[in-house]
1. Sorted by accessible area with a 1.4 angstrom probe, largest first, how do 217, 746, 288 fall?
2. For the stretch 107-196, what % of the accessible area comes from carbon and sulfur atoms, probe 1.4 Å?
3. Considering only protein heavy atoms, with the full assembly of protein chains and a 1.4 angstrom probe, order 536, 435, 93 by accessible area, largest first.
4. Volume per residue, Å³, of the convex hull around the alpha-carbon atoms of the stretch 163-273?
5. Note down the accessible area of residue 28, probe 1.4 Å, to the nearest 10 Å².
6. Counting Lys and Arg as +1 and Asp and Glu as -1, what is the net charge of the other residues whose Cβ lies under 11 Å from the Cβ of residue 158?
7. Between beta-carbons, use under 12 Å as the cut-off and find the net charge around residue 559, counting Lys and Arg +1, Asp and Glu -1.
8. What does the charge count around residue 224 come to, taking other residues whose C-beta lies under 10 Å from its C-beta (Lys +1, Arg +1, Asp -1, Glu -1)?
Amino acid sequence: METMMAARAHFLACLLLWITSPCHGQELPAIEFVTLEEQPVGTLIGKLSEAQVLKTEVLPAEFNTLTFRLLDSGSSSPRVSVVEQSGNVYLEEVLDREALCGYLVDCQFTFDVAVRTASNSYITVLTAQVTIQDKNDHVPIFPNSFINLQVSENDKVTKYPIAPAEDRDIGNFSVQSYDIVQQSDIFDLEKIKNPDQSVSIQVILKKELDREEQNRYQFHIVAKDGGEAPNSGTLSVSVEVLDENDNYPKFLESEYSMSVKEKTAAGTIVLQVLATDKDIGVNGQISYRFSPHQQGLEQIQQVFTINSQTGEISLASSLSANPGKVFQFYVDASDHGDQPKITQQVVTVTVVDGGNNPPELQLSYIVSSDNGVMNISESAKNATPLAHVRVDDSDSGLNGNVSCTINDTNFTLQPVGTKGFIVMTNNRLDRENVERYYVTVFCEDKGSPPLSSHINFTVNVTDENDSIPRFSKGVYSATFIENANEGGVVTQVSASDEDIGRNAQINYYLHDDSVSKFAINSHTGVITANMKFDREVNPRITFRVLAVDGGNPQQTGTATVVLTITDINDNAPSFNRSRIEMMVRENRDPLTKVGQLNAVDLDEGNNGRVVYSLIGEVSRNPPFIVYQDGVVRAKESLDREVQSSYTFSVRARDQGETPLETNISVTVTVTDDNDNSPVFVFPNDSNDTVSIGYLSETPSWITKISADDRDTDQNKAVVYSIRHGNDLQLFSIDPYSGDLFLLNTYMVTEDTVFHLMVSAEDNGTPRRVTTHHLNVVLVYTNATAMAHMSESVGNKYIIISAVVVVLTVILSAVIIGLILFLRRKDQRQELARKLSKDIQNENSKYLENGKVCYEDKQDFNGCNGDLYKQKKKKEVSFSLDEDMDNVFDISSVSAYTTGKHEAEKMKTFQTPAVTYDPQTIQTLHLHQLLIQNNDSSKEKSLKKLGVKSPHDDISDTSGETTTSDSGRGGSDMDMPSCTNMPDDAKAFNFNGHHGYRSSSGSPSYLTCGPPIDKDGDDLVKSRPASDIYSISSKQKDFKHLTPRENFERKHNLQSSAHKHCDRESDSSKQKPSDWSPSYV
C-alpha cells in the first residue's frame, strides 16, 4: 500500500512538472498504430519509443532513460498494456471490429501515455490512436435461406425485390457480388447501389410465364464478399406461378345431338355436356347453364333442365312433342374466375317416334366416387372394374338389339350377359401422364333408323408414390478451397418428383459416407462443409446425396457430388533427409554435374513447383552452381588436395503467391584422382647422402627412404624400390617402409660412394613414379677400433673396464687441460717466434716446398731422411702441455699450408659440435693420446717445424648413418684423416700405402699420398687438386666432390689433394702429390 501511494505521489509530481513545463499547452500529434482485428492477446501493436516527437525533443543522452505509463481514460476502450521501459504496446484482449464499430469505415480508439525521462527533464503525455483493420471473418448471410416468390402467369417483365445479404465486414470484405446459380433465360438479377452505399437486389422476370406449361421454378442467389478466398452465402428461391383465368372452358364434343322418344317421362336424362378448363382452382371450376341470351329460352326451360355441376340435360316434364320436333339450344360452360370465361356449345334434341325407343342406360359406380367423379389409383392393376352400365331397350327385334362402345382406349366394356356392361381399365393408368379421363359409353340399337343413347362419366386417377425423385444432374461438380473455414457453401443440389402432394415433397440427405464431412439443408439442398479440407491428403472427394420424398413407402433418388479441393500454398518444399551429401571427382571439367536436388512439395501448380537457389555470403560462395531445376554443377575444376569437401546451403522455394521455402545443408565431397606423384621427403635436393662403415654387420639399417603423396587411399600408398646403382646387390630396400639396408660386406680401401636411384611409386591408376638419387658412402673405418668395439659389446666386463678407464682419462684430460690452458698462449707465441727464426735465418736455404732439408742431402724425392733426423734431434724439445694441446687442436690439420694467411685461418677453426656416444669419444681420445705420447721422435720433428701433431678427433666407429653433421657416421667429417698416427696407420692399413719411409726405413707421418702397392706403385690414379677445386669453386653444391673434400671445402680447410709428400723410393718413380676417395 505504501509503495502504491509513493508511486502515485511520484506520478503526480511528474504531472505537475509537466504542467508547469514550457512545453505544456502545445498539443502533440497523436501517435498512430494499426492492428488487425481478431489478433491474440499479447500481440505487439506498436512502439511508443519510435514516436518522432520523442526523437526530436528528448536529448539522445536521456533517450534510453524514458519510461512510459498508461493513463486511465475512464472509457470502455479495449484494454492495452504498455511496457514501462520500452514503450511497447500490447493487446490485452481480442478485438472484434464489428462489435466495436459496427459498419463504421474507420474503427479507432485512443489512449494516453505519460512519458518522462529519469531526470524528469522531459515529461509529456502522448495520445496514441489505434486503427482496427477489418478481417474477412464473416460470411454473407441472407435474412432467410429460402424464399417463395409468387408470380402471376400473366405478369409482364416485372421486378421482384429481394432482401440483400448482410456481411458484418466492411470495405472489400463486405458483399461484392450476387450471382444466380442454375440461371435460365427467364429470370435475371439486378443490383442497385443505394445512396448509403448499400446494395439492393431485384429478381427480374424476363418474359411471361405460362402456368399450364410449368407451374414452379427454382434457382439460387449466391452472395460473395471480396476476400482473397471469398466467403459466400446462398439464398434458395422458389417461384410459384400463380394461375390466371386465361383459359376458356372447352367442351369435349364439338357437337351434341340426341334423339328422344316421344312421351319420354320427365326427369329422363337426355344427354350430358362436359367441358374442361386448364386453369386451376376457381378458374378451372366449370358451371353449366342454358345461354341466357338465346331466343326461346323460356320454351327450352319448360322442356329441359340442366345440372349446373354435371352438365346433364334432362326432361323437365314428359315429352309431348310430336315426332320430328327438333329442339336446338345453346349451353354455356363458365368458369369461376373473377372475370369468368364462357364457352358456348349448341345442343340438338330430336323427338322420334316412340315405336322404336332408344336404349336406356344406367350407370352404377363400382369404385369410390365424388360428385360423379370416379377415383382410381394409378397403382391399380389392368382390368380393374370401375362401373356397371345397365342397358335396357324395351323394343323387340332389331330395335331391341343394342351394341355399346366406349370412347377411350384406356378403358373397355366387358359384357355381363343381359345385365349390361362392366367398364374396366384397359391399361395401367399413370397419373403423371394423364390425371383425369372423360369417358363416354355410347349404345345404339339396330332399328331403322337406329336409336342411340350415351352416358358420360369422369375418371380421376389418384396419385401413388410411384415416381422416384430425380436430381437435375446425375453428377454435380464443385470446387472448394482447402483450409477454408467450416460452414462454407460447397454447392446446391435440387431434385423434382412427378408425383403430387406429399409424395412430391422432397427432403435432402447425405449418404452415410459423408455425414462427418458435410452438412445439407434438407429443404434447399445447400451443401456446406463441416471441416477444413487438406488437398494434399485428399484432392478429390466423391460422395452421394439422397432426395427422399414424403410418400409411403418413400422413394429415394441419388446423385453424386464430385468435389475438387483447390490448392492453396500451405506446404513448404521438403527433403527426405536432414542434409544432402554428394560426391564429385576432382579434375573434372567445369560445369560437371555433381548431383540432383529433389525436394517434394505436396501442393500443385505453381504452389508445388520448386525452384532451387544457392544461399550464403558472396565471400563464402562455393565453386558450385545450383540451377533452378535442382541440378548442382561445379563452376570450375576442383582439386581435392586444395579442399576435399565443401558445405553450403541451398534454398528450395515454391512459386506460390506467398512462397514457402526450406533450406538444407549440402556437403560435396571431392573424391581423389591419382593426380599427384610421390614427393621425396628424404632424400631431397639438399640432403641426399648417407654413410655407413663398410665393415658394419650385415644386414645393417642405413636410413629410411620417405616420400609423401598428397592423394588418398590407394593413390597415396607408396612402394619403394632401387632402380639403378645396386648392380653389386649390396643394398636392399623395404618396399613398404622405405628402410634401406646394407646386405653384404664390400671391401674398400677408402671411402667409396655408391650412386643409387631410388623410386617411390603409388598404387593409383595410372601409377605415378618419382625417382631420386641417393649417395651411400661406404666409409673406410678403423678396423682395429671396430674390432675393439665389437669385442667390448660382446663382453660386458671389458665394457665396464673400458668405461672406467675412459672416465678416468677424461677426468685427467680435463684437469690437465685446465692447467695447460693458462700456459698455452705464451708457449704458442714462443714456439712461433722460434720456428720463424730457425726457418728464416739458419735453414732458409734448406726450405723447399714446405720441407726443411740440408743442402747436401737434397735429392729428387725431397729431404734426405738422415739429415732430417739429425735436424730433428737438434731442434726437438719435449713439452707435455704442447702434446696435450695438440690432442684437442684440430688446427694441426692445416700445418702444411704454405701461406701465413691460411695458417691464421686454421688457428681460428674450432672443432665442430659432435654427438658421439660419450664412452666411444673417451676411448678414442685416450687411444690417440697414448699413440701420440709414444711417438716422441715425431713430435719433436713436428715441433722443430712448428707443426702440431695430427690427431683423430672424429670417430669412424659410431655407426651413425644419417646425413647430418652430427659427428656420427653420417656427416662429411666422418671421412678418415689424411694424417695418421702410427697405430692409425695400422688400423687403417696405411703403413704400407698412405705413408712413406725415410732413408732409415722408419715411416713418416707428415703427409699422405694416394695408396701404393708394396713396390711403391700407385693403386689409384690421383686427380689433380686443381681439377677438384676448379669444379667445386664453380658450383654451389659439392655433389662432384668426395665427402671429405666437401667437408674441407665447407670449412675452408686445405684439401688433402694439396698435401705433397716425399717418399723414400727410387728416383726414377715420380709419385703423385694428391689423392682422393674413388667413386663406384
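The values are calculated or read from the model by the stated rules, or taken from the named source; none is laboratory data. Nothing here was measured: the structure is a model prediction, and the numbers come from that model. Quick reminder, even Gly has a Cβ in these numbers, built from the backbone with ideal geometry, and neighbours come from all protein chains shown. We work out accessible area using only protein heavy atoms, side chains counted, and drop any ligands, DNA or RNA first. Shrake-Rupley method; radii C 1.70, N 1.55, O 1.52, S 1.80 Å.
1. Greatest to least solvent exposure: 746, 217, 288.
2. 49 percent
3. If we order 536, 435, 93 from most to least accessible, we get 435, 93, 536.
4. For the stretch 163-273, the hull spanned by Cα atoms encloses 166 Å³ per residue.
5. Counting only protein heavy atoms, the figure is 40 Å².
6. Spelling it out: positives minus negatives among the neighbours equals +2.
7. Summing Lys/Arg as +1 and Asp/Glu as -1 gives +3.
8. Taking every other residue near residue 224 into account, the sum is -3.
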